[in-house]
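Heads up, the thing below is written out as structure tokens.
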Amino acid sequence: MAGLAVIRNDPTVRVSAREAWWVTRTPDGPGTLRLCREGSTLVAQAYGAGAAWLLDRADAIAGLRDDLSSFADVAGRHSLVHRLAHVYRGRRMPASGVIFPHLLPAILGQKVTYQEAYRAYRAILRHFGEPAPGLPDMPVPPAAEAIAATPYYVFHPFGVEQRRADTLRRAADRATALERATSSADATRRLVSLPGIGPWTAAEVVRASHGDPDAVSVGDYHLPNFVAWALAGEPRADDRRMLELLEPFRGHRGRVCRLIVAAGIGAPKYGPRAQIRSFARF
């Protein structure tokens, strides 16, 4: 279930060698899902008002509905991808079935460093969240209605400037319509129709919400360099070059990106690191 975390170290996701926990808001209310390996069997338990909904989707959330039937042929088009597909052959793309719990951290991650996004996300979870059913030391993500009804100035002390706060509030106001998306393509169309949401944010969301193996985070600061270095030995690239290199893997482009990142393949680093800012002080 690590693939459900749009932001690294997401407090609503906890994964260990033997079990995984995920806390979310379902159409039926807050719920906590626990997946545990017992031999060759994956056992699901759920708690809270959303328990039945989570159990009904437990196999998709675990990635067991992920269709890998065509990936072996696709992976064979590049020696590194072929090797990574073997090394990470147990890795699956989860499909949570909900959008807004992933959209919240994705919007917070727009155009800022990981540390800034994570700090803001944790602050919002503390402010709006509530203890998770069955596991009270984990937080339930805030309800979209609560975010939509909150004025911008409440987000400012969390380090969220007005642009991202307004994007978040607009998205929360449209959350019901977003959740009605019938496919990854439909969800992407609905997402990018909202001001402040572009291809990067949409891809980050639909990979988790719909398990889309082809979703590529166009506009990412680091990903083009990672892909170009892994696939062509080129230390720097733009989005156009990244998509050119990924084209042979169409249908699984997002999966290939995920394998490259999972393997820790990073391009050579040049220049200073991005400065970490705090909008709360402005």
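The values are calculated or read from the model by the stated rules, or taken from the named source; none is laboratory data. All of these numbers come straight from a predicted model, not from anything done at the bench. A quick note on method: Cβ atoms are made from the backbone with ideal geometry, for glycine too, and the neighbour counts reach across all protein chains shown. These accessible areas exclude ligands, DNA and RNA; they are computed on the full protein's heavy atoms, side chains included. Shrake-Rupley method; radii C 1.70, N 1.55, O 1.52, S 1.80 Å.
Observations
- Test: residue in the stretch 76-90 that is under 18 Å from the mean Cα position of the chain (by Cα) and touching a residue at least 40 places away in the same chain (Cβ under 8 Å): no
- Residue match in the stretch 203-223 (condition: over 19 Å from the mean Cα position of the chain (by Cα) and open to solvent by less than 40 Å² (accessible area, probe 1.4 Å)): no
- Considering the stretch 230-247, and only residues there that are farther than 16 Å from LEU84 by Cα and in a helix (DSSP H, G or I), the residue that is most open to solvent (accessible area, probe 1.4 Å) turns out to be ARG240.
- Test: residue in the stretch 112-119 that is surrounded by 16 or more Cβ atoms within 10 Å (Cβ to Cβ) and of a type in the set (S, T, N, Q): no
- Between LEU55, LEU125, the distinction of being more than 17 Å from GLY254 (Cα to Cα), open to solvent by 60 Å² or more (accessible area, probe 1.4 Å) and of a type in the set (A, V, I, L, M) belongs to LEU55 only.
- The listed residue being within 25 Å of PRO213 (Cβ to Cβ), more than 15 Å from the chain's Cα centre (by Cα) and of a type in the set (Val, Ile, Thr), out of THR26, THR41: THR26
- Criterion applied to LEU55, LEU68 was being assigned to a helix (DSSP H, G or I) and either touching a Leu at 6+ places or on another chain (Cβ under 7 Å) or not small (Gly, Ala, Ser) (or both), and the one residue passing it is LEU55.
- Checked against (1) under 23 Å from ARG92 (Cβ atoms); (2) in contact with a Pro (Cβ under 9 Å, 6 or more places away or on another chain), ASP220 passes all but condition (2).
- Breaking point among (1) open to solvent by 40 Å² or more (accessible area, probe 1.4 Å); (2) in a helix (DSSP H, G or I); (3) without any contact (Cβ under 8 Å) to a residue 40 or more places away in the chain, for VAL227: (1)
- Answer from LEU35, LEU4, LEU42 - the residue that is within 25 Å of ALA202 (Cβ to Cβ) and either in contact with an Asp or Glu (Cβ under 6 Å, 6 or more places away or on another chain) or in contact (Cβ under 8 Å) with a residue 12 or more places away in the chain (or both): LEU4
- Considering the stretch 1-27, the residues that are of a type in the set (Lys, Arg) and assigned to a strand (DSSP E or B) include one that is most open to solvent (accessible area, probe 1.4 Å), namely ARG14.
- Within the stretch 150-171, considering residues that are open to solvent by less than 10 Å² (accessible area, probe 1.4 Å) and in a helix (DSSP H, G or I), the one farthest from TYR118 (Cα to Cα): ALA171
- Some residue of the stretch 139-149 being in a loop (DSSP other than H, G, I, E, B), buried (at least 16 other Cβ atoms within 10 Å of the Cβ) and in contact with a Phe, Trp or Tyr (Cβ under 7 Å, 6 or more places away or on another chain): yes
- Residues (among the basic types (Lys, Arg) and touching a Leu at 6+ places or on another chain (Cβ under 6 Å)) located in the stretch 238-254: ARG253
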